[in-house]
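Report on the structure given below.
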Amino acid sequence: MKTAAQHIESLKDGRRVYIDGARVEDVTTHLAFRNAARSVASLYDMNAVDPERMTFRSPTSGKPVSRCWQLPVSYAELLQRRHALAGWAEGTNGMMGRSPDHVASSLAGMVMGIDVFRKHDPKRAAALEDYYAYARDNDLYLSYVIINPQADRSKSAGEQPDEYLTAGICDEDSTGITIKGAKMLGTGAVLSNEIMISGFQALQQGDEKYAFLACIPVNAKGVTLLSRKSYEASAVSAFDNPLASRFDENDAVAYFDEVKIPWDRVFFHRDIAMGQAQWHATRAHIMQNYQCQIRLAVKLRFLAGIARKIAETNGIINFPQVREMLGLLAAKAVLIDGLVAGMESKGERYSGYYVPDRLMLCAAQVESQTLYPQVIELLRQLAGGGLIMTPSSAVDFANPEMAALIEKTQRSPVLPPRDRVKLFKLAWDAIGSEFGSRHLQYEMFYSGATYVARGHSYRYYDWDAAKTMVEDFMRSYETPAAGPGRKKSAAE
């Protein structure tokens, strides 16, 4: 099994990462990334602690690898896989949305639909199967960049002033393709081993150069990652920013400066139809977002725990209105749990595999986009002014005079003053800090814009069955006949 130490070592590969005007020499030691790198790496050590839950035997090597690579063929195996993914989410309290199991799940869904790739090109399909086995047996952490840079969004990729604003194929020969341009949002890319490059937005005729799927090492020649501001680097201390200081998975724009990709890492190219089929004709979209909902369920449980502890700390747990708020929050958390269980029990057989129900997954995506902001609002109401009346930093406790005043002013019927401050610092980091605000934006849009998520729900719902119910019932009673002296209408 891959270990935490091995993952940390694998990141010391000369990758080109820029932040705050300078190139990062080593992401595992840089103040912006070092703790997040260790948080990701620690997930691999979890596998060794509980191998029965977290791993399965590779069908090629026979060695144990992470269950995120498992292709379930039964309901029981899907549950096994879910318990492992939940274990990893618990390792970060659900705060790392693009942990290694996310793109692994996406790739698994593509391999489940390998026949879709074979119709495009048998050689490219074979390359995908070989790459999947390679990534699985080496327990690679894959990230992906599948969104085009925001420019003139009224125009397609090919209509932008710079034809290579969006990463596209600029050359190809007998050895592979060459790509040039940018992609986003490279969440976790700085901490990953390889990047999957493709597209999620609709393409039109003339956009063939942007329609491809490939994977490359993060340190491949010509790849540059431009990091956003690091919340880890801005964290005052683990006490003041307990989440940002260790779980800031980072987001980055990836720029590809004529990057050569060999054919054994290209899984389709110049095929607009495959640009959509890779996600929806296969089960990639289902498997990757199933992982998201498992993680979200864990995260909501964590936030519910913060809410309950705040109510106890402030001595308001027995107020009827507070219990009502906590009950509402609990219902929202259980809703996602229930949808995950429902999509599993209502799952479908697909090409010899067992996968979650598509419609219930879409329902979970639609609900989660509005549910998460509601949970944050409930937490804000419960915490009140306590969120912004904490001491400035942990250093305040080192000053005897200030510490004495903190002891007098940070009171609770159940917690000592320092622990009360510790709880409210955690709550603020989860919902109000830059880190917390980023998570609000992330949970609202990781499934795409709301109209995209709702569009999937519309597309897969059985409208015919719903209409048939109405029409069958309407046929069960008479329509009034035309009365005397009244002519029948054309419809009658």
For region 4-280, what does the alpha-carbon gyration tensor say about shape, rounded, prolate or oblate, given a ≥ b ≥ c as the root eigenvalues, a/c under 1.5 as rounded, and a/b over b/c as prolate? oblate
Hz values of 3J(HN,Hα) by residue in region 214-227 - Karplus curve (6.51, -1.76, 1.60), Gly and Pro given as x: 8, 10, 9, x, 4, 8, 4, 4, x, 8, 10, 10, 9, 6
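Where the only charges are on Cβ atoms (+1 Lys, Arg; -1 Asp, Glu), what is the dipole of the chain about its Cα centre, to the nearest 20 debye?
Numbers: 57 positive and 57 negative charges, 172 e Å.
Dipole about the Cα centre, nearest 20: 820 debye.
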Starting with the fewest neighbours, write out Val236, Val470, Val340 ranked by other beta-carbon atoms found within 10 Å of each beta-carbon. Val470, Val236, Val340
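What net charge is computed for the residues neighbouring Arg246, neighbours being all others with C-beta under 13 Å from the C-beta of Arg246, Lys and Arg scored +1, Asp and Glu -1? All intermediate terms of the calculation are to be shown ahead of the outcome.
Values: positive: Arg34, Arg38; negative: Glu232, Asp240, Asp248, Glu249, Asp429.
Spelling it out: positives minus negatives among the neighbours equals -3.
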Between Met1 and Ala238, with labels modelled 7 Å along Cα→Cβ, what's the label distance in nm to one decimal, could you check? 2.3
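State, as an integer percentage, the relative contact order of region 4-280 based on alpha-carbon contacts under 8 Å between residues 6 or more apart. Intermediate results must be reported in sequence, preceding the final value.
Numbers: 544 pairs, mean separation 64.0, N = 277.
The value is 23 percent.
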Kindly identify region 235-301 as rounded, prolate or oblate by the Cα gyration tensor criterion: order the square roots of the eigenvalues as a ≥ b ≥ c, call it rounded if a/c is under 1.5, otherwise compare a/b with b/c, prolate if a/b is larger, else oblate. oblate
Excluding exposed DSSP-loop trypsin sites (Lys or Arg not before Pro) (at most 10 other C-beta within 10 Å), longest clean stretch of the chain: 156-474
Can you sort Ile177, Ile310, Ile406 from fewest to most other Cβ atoms within 10 Å of each residue's own Cβ? Ile406, Ile177, Ile310
Given a Förster distance of 22 angstrom, what is the FRET efficiency for Ala202 paired with Phe445, based on the Cβ-Cβ distance and rounded to 0.05? 0.80
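Counting Lys +1, Arg +1, Asp -1, Glu -1, what net charge surrounds Thr224 among other residues with beta carbon under 13 Å of its beta carbon?
Details: positive: Arg15, Arg16, Arg23, Lys180, Lys183, Lys221; negative: Asp257, Glu258.
Around Thr224, the surrounding residues sum to +4.
Can you compute the charge dipole magnitude of region 4-280 about its Cα centre, using +1 on each Lys and Arg Cβ and -1 on each Asp and Glu Cβ, nothing else charged? Give it in debye, rounded to the nearest 20.
On the way: 30 positive and 36 negative charges, 59 e Å.
That gives region 4-280 a dipole magnitude of about 280 debye.
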Distance in nm between Glu312 and Glu52 label points, each 7 Å along Cα→Cβ, equals 3.1
Rough spin-label spacing in nm, given labels placed 7 Å along Cα→Cβ, for Gln160 and Met402: 4.6
Can you tell me which aspartates and glutamates have their Cα less than 13 Å from the Cα of Lys119? Leave out same-chain residues fewer than eight positions away. Asp271
Proximal lysines to Lys425, defined as alpha-carbon separation beneath 27 angstrom and excluding residues fewer than eight positions away on the same chain: Lys229, Lys299, Lys309, Lys332, Lys408
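Rounded, prolate or oblate: which fits the chain when a ≥ b ≥ c are the square roots of the eigenvalues of the alpha-carbon gyration tensor, with rounded for a/c under 1.5 and prolate only if a/b beats b/c?
Details: a/c = 1.73, a/b = 1.10, b/c = 1.57.
In terms of gyration-tensor shape, oblate.
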Relative contact order [Cα under 8 Å, 6+ residues apart], the chain, whole percent: 16
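Values in this text are rule-based calculations from the coordinates and carry no lab data. Not measured: the values here are computed from a predicted model. Here Cβ is always computed from backbone atoms with ideal geometry, including for glycine, and neighbour counts include all displayed protein chains.
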